[in-house]
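A.B. asks: So that we are looking at the same thing, I have put the structure below in structure tokens.
Coordinate-derived values only; no laboratory data. These figures come from a predicted structure and were not determined experimentally. Cβ coordinates were reconstructed from backbone atoms using ideal geometry, including for glycine residues, and neighbour counts include every protein chain displayed.
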Amino acid sequence: MGGHIDCYLDVSSFYSYMALSYLLKNRDLLASHDVTVEFHPIFLGGVNVGSGNKPPWTLPAKAKYGKFDVERTKKYHDLENASPPDFFPPLTLLPQRALCYVKAHHPQSTFDQIFLALFHALWDLHVNITLPSPFTETLETTGLFHPSQISDILSATKEQEWKDKLLANTQKVLDQGAFGAPWMWVRNGEGKEEPFFGSDRFHFMWTFLGVPFRDVEITPPKAKL
């Protein structure tokens with residue numbers, strides 16, 4: 001057993017929200033099996049362009065089916081307030097660059113909390129965090145930063161270092177074969193590495209990592225009295 005999960009996410013991605021929530025809920029259990037988890041911001045628009053993929057809502061058949069899948073997924077993850085905002089799809093360069101900066105300058109717990117808070121703001125509250133003012137207000141409401149730190153975060157989104165960092169993260173997953181998000185690169189206890197995609201294939205990941213789990217199974221009907 002043992003291993004490591006690198007999870008690459010963009011706040012514009014509904015299924016990334018589901019994956020982040022699920023992995024955070026299970027992080028302590030994974031740690032008890034010597035499996036660590038690290039989250040990384042990427043730019044999904046760049047992944048789509050670089051891989052030649054098209055967002056599912058641009059294909060009529062996928063968009064039609066997606067409505068069913070989204071509702072089922074929200075219910076499974078207990079995130080039933082999530083829905084696309086009226087400004088969807090958002091251009092997430094600002095929040096994703098900011099997350100690169102926060103990851104480099106603040107504790108892991110702060111980074112993880114702000115990542116989750118940004119997903120919540122966009123998908124549950126429909127706050128347009130791609131704009132400086134709503135983004136700033138979202139950071140303020142978390143209580144995680146002093147005003148001067150928020151100012152530094154906003155300034156960083158315009159600096160070449162953090163533009164390049166987001167670009168490098170995005171190129172890294174493209175080199176790994178990514179075509180969307182959430183994208184996960186997983187190393188098991190034997191040192192073997194494999195990619196995993198989506199928020200509904202964790203049972204394959206646990207098998208690869210040697211983590212014991214209860215699989216989905218059909219149970220027999222209850223005996224009639």
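A.B. asks: What longest range of the chain stays clear of loop-exposed GluC sites (Glu not before Pro) (DSSP non-H/G/I/E/B, at most 13 other C-beta within 10 angstrom)? List each step's numbers first, then the result.
C.D. replies: On the way: sites that count: GLU80, GLU159, GLU190, GLU217.
Longest site-free region, per DSSP loop and neighbour criteria: 1-79.
A.B. asks: Hey, could you grab the Kirkwood Rh for region 94-225? Inverse mean 1/r over distinct alpha carbon pairs, Å, one decimal. Walk me through the numbers before you get to the answer.
C.D. replies: Values: mean 1/r = 0.0567 Å⁻¹.
It works out to 17.6 Å.
A.B. asks: Follow-up question, since we're still on this one. Using the Kirkwood radius over C-alpha pairs as Rh, can you work out the diffusion coefficient of region 49-147 via Stokes-Einstein at 10 °C, viscosity 1.306 mPa s, in µm² per second? Please list the in-between numbers first.
C.D. replies: Details: Rh = 15.2 Å.
Translational diffusion coefficient: 105 µm²/s.
A.B. asks: Let me make sure I get this right: for region 1-71, a, b and c are the square roots of the gyration tensor eigenvalues over alpha carbons, sorted descending. Under 1.5 in a/c it's rounded, otherwise prolate if a/b > b/c, else oblate. Which is it? Intermediate values should be presented prior to the final figure.
C.D. replies: Numbers: a/c = 3.05, a/b = 1.81, b/c = 1.69.
Prolate.
A.B. asks: Can you list the chymotrypsin sites (Phe, Trp or Tyr not before Pro) in region 118-192 that are in a DSSP coil and have 13 or fewer other beta carbons within 10 angstrom? Please report the intermediate quantities before stating the final value.
C.D. replies: Details: sites: PHE119, TRP123, PHE135, PHE145, TRP162, PHE179, TRP183, TRP185; in loops: PHE145, PHE179.
Sites meeting the loop and neighbour criteria: none at all.
A.B. asks: I want to check the label-to-label distance for SER109 and GLN171. Put each point 7 Å from Cα in the C-beta direction and report it in nm to one decimal.
C.D. replies: 3.6
A.B. asks: Restricting to DSSP H runs of at least four residues, report the calculated mean residue ellipticity at 222 nm for the chain, -39500 (n - 2.57) per run over all residues, nearest 500 deg cm²/dmol.
C.D. replies: Numbers: 9 runs with 119 residues, N = 225.
Estimated from H runs of four or more residues: -17000 deg cm²/dmol.
A.B. asks: On to the next question. Determine, for region 98-225, the count of lysine pairs separated by eight or more sequence positions (or lying on different chains) whose alpha-carbon distance falls under 23 Å.
C.D. replies: Values: LYS103/LYS158; LYS103/LYS163; LYS103/LYS165; LYS103/LYS172; LYS158/LYS172; LYS163/LYS172; LYS172/LYS192.
Lysine pairs satisfying the spacing and distance rule in region 98-225 number 7.
A.B. asks: Let me ask something else. Quick one: dipole size for region 117-212, taken about the Cα centre, charges +1 on Lys/Arg Cβ and -1 on Asp/Glu Cβ, in debye to the nearest 20.
C.D. replies: Numbers: 7 positive and 12 negative charges, 38 e Å.
Taking the Cα centre of region 117-212 as origin, the dipole is about 180 debye.
A.B. asks: Describe numerically, in nm with one decimal, the distance between label points set 7 Å from Cα along Cα→Cβ at ASN81 and at LYS67.
C.D. replies: So the label points at ASN81 and LYS67 sit 2.4 nm apart.
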